[in-house]
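Some notes on the structure that comes next.
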Amino acid sequence: MEQRDAVVAVLLRGERLLAIRRGPRVARPGYWQPLSGKVEPGETQEQAVVREAREEVGLTVVPLRKVWESETDDLRFRLHWWIARADTGEVVPDPDEVAGTRWVTPEEFLALDPVFDGDRAFFERILPGL
């Protein structure tokens, strides 16, 4: 199976970031994670960050920079991690994809359960050095 590209958008508002709980109609419902989604054909990673934020949580965001790459545990996706600003607007989750949202500190994110091992690695090893 060919590996697909996806973005992970760490959406920042002040000192907090948006954690979403995966909704009932996506794989592995109930997991907490940063916003994420597939890069569509002909779309840049920056465009994917903007589109996914609008579709999944109704926010207009500004991608700042790509900060990391990883793979999903099943190797189906190459994840391109982006930091993006989400300074204004109300979070309006897509109920099929997002079961809940919270603005959390990185430390609070690590206390959420369950989270993916790859997300935990980002918050423990990568984010502190940015």
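Determine whether region 99-115 contains at least one residue that is acidic (D, E) and under 14 Å from the mean Cα position of the chain (by Cα). No - not one qualifying residue is present in region 99-115. Return yes or no: is E56 surrounded by 14 or more Cβ atoms within 10 Å (Cβ to Cβ) and touching a residue at least 40 places away in the same chain (Cβ under 8 Å)? The answer is yes for E56. Does region 1-41 hold any residues that are among the β-branched types (V, I, T) and open to solvent by 10 Å² or more (accessible area, probe 1.4 Å), and which are they? V26, V39 - these are the residues of region 1-41 that are among the β-branched types (V, I, T) and open to solvent by 10 Å² or more (accessible area, probe 1.4 Å).
Table: residues versus (1) in contact with a His (Cβ under 9 Å, 6 or more places away or on another chain); (2) free of Cβ contacts under 8 Å to residues at least 40 places away in the same chain; (3) within 19 Å of A19 (Cβ to Cβ).
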residue	(1), (2), (3)
E52	no, no, yes
E69	yes, yes, no
I83	no, no, yes
D94	no, no, yes
V98	no, no, yes
A111	no, yes, yes
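Among the residues of region 72-130, those identified as charged (D, E, K, R), in contact with an Asp or Glu (Cβ under 7 Å, 6 or more places away or on another chain) and not in a helix (DSSP H, G or I) are D73, R78, D94, E97.
Only one entry of P128, P106 meets the criterion of being within 17 Å of L11 (Cα to Cα) and either of a type in the set (A, V, I, L, M, F, W, C) or surrounded by 14 or more Cβ atoms within 10 Å (Cβ to Cβ) (or both), and that entry is P106.
The values are calculated or read from the model by the stated rules, or taken from the named source; none is laboratory data. Remember, predicted model here, so these are calculated numbers, not experimental data. Cβ sites come from the backbone with ideal geometry, for glycine too, and all protein chains shown count toward neighbours. These area figures cover heavy atoms from the full protein model, side chains too; ligands, DNA and RNA do not enter into them. Shrake-Rupley method; radii C 1.70, N 1.55, O 1.52, S 1.80 Å.
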